[in-house]
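In what follows, a single structure is set out as structure tokens and then discussed.
The values are calculated or read from the model by the stated rules, or taken from the named source; none is laboratory data. None of the values given here were measured: they were computed from a predicted structure. All Cβ positions, glycine included, derive from the backbone under ideal geometry; neighbour counts span all protein chains shown.
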Amino acid sequence: MTESHSKSRKQAEIAFGNVQSQFLARSRAVEEVDQTVRAREEKTLRLREAREAKELQDRLTAANALAAKQKHKD
């Protein structure tokens, strides 16, 4: 059975479809931004951990060098 709809209903359905499309597009954009932010935060964390490990290694190397220098003076 074919239903015929009024002109105003057809316009309302078209308007609703447009709003729905905009909403879905906005949702996809927000998801992309969220993914970008998460990736940036993960990378920042990895880089921070690598930097802190290097700084620790540098401090240990310097402490060992100082201890060796002190030992040779005695």
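Figures for the structure shown
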| quantity | calculated |
| --- | --- |
| Which numbered condition residue 51 fails, given (1) modelled with pLDDT of 95 or more; (2) loosely packed, with under 10 Cβ neighbours inside 10 Å | (2) |
| Condition check for residue 65: surrounded by 10 or more Cβ atoms within 10 Å (Cβ to Cβ) and either more than 32 Å from the chain's Cα centre (by Cα) or not in a helix (DSSP H, G or I) (or both) | yes |
| Residues within the stretch 1-13 that are surrounded by 10 or more Cβ atoms within 10 Å (Cβ to Cβ), outside any loop (DSSP other than H, G, I, E, B) and not small (Gly, Ala, Ser), tallied | 4 |
